[in-house]
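Single-structure report; data block below.
Derivation of every value follows stated rules applied to the coordinates shown; laboratory data play no part. It should be emphasised that the depicted structure is a prediction, and the values quoted were computed from it without experimental measurement. Neighbour counts run over all protein chains shown; Cβ positions are idealised from the backbone, glycine included.
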Amino acid sequence: MKARLFSMSGGSVQRAMVACALLSAALALVPPAYAQGQRGTGQRGQGQRGQGGQPAQAVQPAQQPQPLPIDLFTSKNFYKDKDIWLDKRYFRCNSPRELTDMWTRGGRIGNDPPRTAAWGDCNRDYPASEIRSKLPYKTAKEHYEALLAETKAAGGPTVHTRQTLPDWDGRYNRTGQNQWIYGRIVQTATILSLLTPEYQERMVQMNYHEAVNNAPQWNAAYCYPEGFMRWWAEFSINQIEVMTTPAQVQFLTGVADNFLRRVLVGRNHVQQVPQWYGETVGFWKGDTLTAWTANVQGWTLSHSMFEFSNSMQTIEVFTPRRNTDGSFVGLTVDTTFYDPEAFVAPLHTVQLYNRTASLDHPTQRYTYIECLSNIAAVDGKPTQLTTGDPGYIDYYGRPWAQNWEKLEKGWDKPEPVLLPGIFGR
Amino acid sequence: MKTLFLRVFKIAMLALPVVVSLFVATTPAHHSFAMYDMTKTVTFTGVVTRFVSQANHAEIHFVPLGPDAKPQRGSDGKYTSWGVEMGGAAAMAQQGISVTTFPVGTIFSVNLHPLRDGKNFGSMEGPISKCPKDTPPPPSKHCNEVQGSTSHGRGNF
């Protein structure tokens with residue numbers, strides 16, 4: 001490689017190394033700035049409120065307990081360690097997010113991987129009891145029908161016209177409060193404890209191959225579908241466009257891929273096959289929207305979290321939030337996840353959407369995403385393909401023409417000008 | 001080769017605290033950075049051959065300039081090609097890095113973390129420095145040292 005590089009004297013290198021070591025050590029001790037806890041808005045059902053989650057414990061500097069004789073980073077076969085998977089020390093107290101980032105953030109994997117993998121904070125956790133739904137329902141159908149019955153008893157559901165529709169149209173940001181579903185404030189073992197044995201095994205497989213084997217399989221890397229539950233993941237969606245009509249409420253968002261979800265008001269589920277983002281029906285009770293999603297294609301939340309099955313169904317309750325003067329500021333979205341194949345009990349989360357702009361904003365646009373990737377799984381690991389690699393697609397270089405040019409070898413053709421004339425030809 | 005390794009190592013050691021601090025609070029990606037060696041940072045000056053406006057990660061493909069300030073060629077006489085991956089195209093455009101501001105022929109300098117497998121591709125670290133049009137830096141210099149250059153992206157080059 002002949003690229004031009006900066007040079008330093010030997011003495012300055014030594015000084016830099018010392019400074020580097022000190023700075024790196026200091027940075028490693030800085031507690032993460034998250035752990036704000038999940039906002040405690042009550043779970044919706046049976047007309048009750050106030051069952052929200054409690055704030056997570058503040059993150060303390062990591063305290064390493066007595067290690068297990070074998071853990072994820074020393075095991076020769078994680079399948080054989082099933083009996084100790086639910087001990088947080090098996091994951092060295094790392095959260096799912098820390099497992100995902102083990103090889104990429106702050107050198108946490110250490111200098112003799114995987115043996116030297118760092119410990120997380122064993123005092124940090126978000127209790128499983130706060131992740132489980134506190135409602136009595138076993139299925140989404142039961143939950144939906146109870147809310148619908150309650151609504152009917154009150155004279156509903158409300159049938160809105162364009163004139164009476166709540167003014168929810170606009171662009172929203174999901175607020176930055178931390179969530180257990182982001183995988184940062186919770187022990188990996190706690191999440192595992194909420195899964196059925198088969199899905200525990202799938203999750204530990206993911207944990208191992210991300211944190212130990214350095215072989216993450218993120219959906220967007222390969223332009224796989226994001227999948228339904230990624231709607232609730234930390235980085236999979238950004239600004240959300242909400243558009244309401246009497247017949248449906250549409251949510252459009254996306255970062256690596258597009259998410260388009262529609263609550264079909266007053267309708268029933270009719271899809272005969274699973275859909276990547278499910279099929280959602282709902283009803284209004286005044287200015288509160290209840291939505292039931294079913295017919296979901298099972299997939300993965302990825303990032304060292306868990307997979308979900310085709311049995312996944314959700315009940316979402318969208319409630320407007322207002323300022324003291326009554327003006328609308330956003331939506332509280334209360335979700336209960338039902339997946340008896342994957343979860344030992346229904347799970348629950350609350351997220352807040354804050355409206356930041358109207359749909360007629362002069363400059364804000366939704367950018368439709370075409371997920372393009374030149375990353376391929378090579379020997380099980382995501383590998384960046386570059387020009388000339390088999391399978392590489394030069395998306396922005398007329399790839400169709402590049403295919404034809406393979407049929408034009410040896411032809412006398414005009415040579416394209418690659419570089420400015422100042423460098424000659 | 002040994003000299004090159006030492007240079008890369010020196011740069012990596014200097015850059016490590018910065019790299020670590022940036023990644024404590026960096027923006028998310030659409031794929032893991034596991035394929036990149038985040039402990040190494042290499043500085044290139046090159047000439048844009050293609051700007052790839054991918055939604056998830058924009059890329060600049062370029063021919064690096066060698067120590068003689070001329071575009072590098074391989075043993076086959078063809079130009080050497082490198083690529084650098086950045087954030088999403090829309091996010092990069094907001095920082096002044098787009099297909100319109102970095103057209104083919106733009107001379108620029110960038111720091112990148114190279115792929116672990118040794119291929120000519122890396123992940124951008126910090127901002128890009130753009131040389132004035134048709135004005136490559138003198139030998140052993142980068143665009144940030146050229147009068148009239150502009151910086152695009154967050155942080156200091």
- prompt: A:Gln248 versus A:Ser327, label points 7 Å from Cα toward the beta carbon: distance in nm?
  reply: 3.2
- prompt: Exposure proxy check: A:Lys88, A:Lys76 ranked by fewest other beta carbons within 10 Å?
  reply: A:Lys76, A:Lys88
message: Please compute the modelled spin-label separation between A:Ala357 and A:Gln275, points set 7 Å along Cα→Cβ, answer in nm with one decimal.
response: 2.8
- prompt: What is segment B:88-157 by shape, rounded, prolate or oblate, if you read a ≥ b ≥ c off the alpha carbon gyration tensor as root eigenvalues and call it rounded for a/c under 1.5, prolate for a/b larger than b/c, and oblate otherwise?
  reply: oblate
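Can you compute the FRET efficiency between A:Trp400 and A:Tyr222 using 1/(1 + (r/R0)^6), with r the Cβ-Cβ distance and R0 = 22 Å? Round to the nearest 0.05. Can you show the working numbers first?
Values: r = 22 Å, r/R0 = 1.01.
The computed FRET efficiency comes out at 0.50.
What FRET efficiency, computed as 1/(1 + (r/R0)^6) with R0 = 51 Å and r the Cβ-Cβ distance, is obtained for B:Lys70 and A:Asn77, rounded to the nearest 0.05? Intermediate results must be reported in sequence, preceding the final value.
Values: r = 54 Å, r/R0 = 1.06.
Between B:Lys70 and A:Asn77 the formula returns 0.40.
Cross-link list B:Lys70/B:Lys133; A:Lys413/B:Lys78; B:Lys78/B:Lys119; A:Lys141/A:Lys285; A:Lys134/A:Lys285; A:Lys381/B:Lys119: which exceed 20 angstrom alpha carbon to alpha carbon? Provide the component values of the computation, followed by the final result.
On the way: B:Lys70/B:Lys133 15 Å; A:Lys413/B:Lys78 17 Å; B:Lys78/B:Lys119 16 Å; A:Lys141/A:Lys285 18 Å; A:Lys134/A:Lys285 22 Å; A:Lys381/B:Lys119 15 Å.
Over 20 Å Cα-Cα: A:Lys134/A:Lys285.
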Candidates per trypsin sites (Lys or Arg not before Pro) in segment A:272-380, loop by DSSP, up to 15 other Cβ within 10 Å: A:Arg365
Net length gained if the chain between A:Arg365 and A:Lys134 were fully extended (0.36 nm per residue, minus Cα distance): 79.3 nm
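I need B:His31, A:His303 ordered by Cβ neighbour count within 10 Å, fewest first. Let's see the in-between values first.
Values: B:His31 22, A:His303 25.
Final ranking by Cβ density, sparse to dense: B:His31, A:His303.
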- prompt: How do B:Ser75, A:Ser358 rank when sorted from fewest to most other Cβ atoms within 10 Å of their own Cβ?
  reply: B:Ser75, A:Ser358
- request: For A:Ile393 paired with A:Ala377, estimate the spin-label separation in nm (one decimal), with each label point 7 Å from Cα along the Cα-to-Cβ line.
  value: 1.8
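Please work out how much length the chain gains when fully extended from A:Gln64 to A:Leu407, using 0.36 nm per residue of separation minus the C-alpha to C-alpha distance, in nm with one decimal. Write down the numbers at each step before the final one.
On the way: separation 343, 0.36 × 343 = 123.48 nm, distance 6.25 nm.
Full extension of this stretch gives 117.2 nm more.
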query: Any idea how far the Cα center of segment A:172-209 sits from the one of segment A:255-287, in Å?
result: 25
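Could you tell me the calculated FRET efficiency between A:Ala345 and A:Ala153, based on Cβ-Cβ distance and R0 = 41 angstrom, to the nearest 0.05?
Details: r = 28 Å, r/R0 = 0.67.
With R0 = 41 Å, the Cβ-Cβ based efficiency is 0.90.
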task: Provide the descending list of Cα extents for segment A:67-136 along its principal axes, expressed in whole angstroms.
output: 48, 29, 18
message: Considering only C-alpha atoms, what is the centroid distance from segment B:63-114 to segment A:357-425, in Å?
response: 14
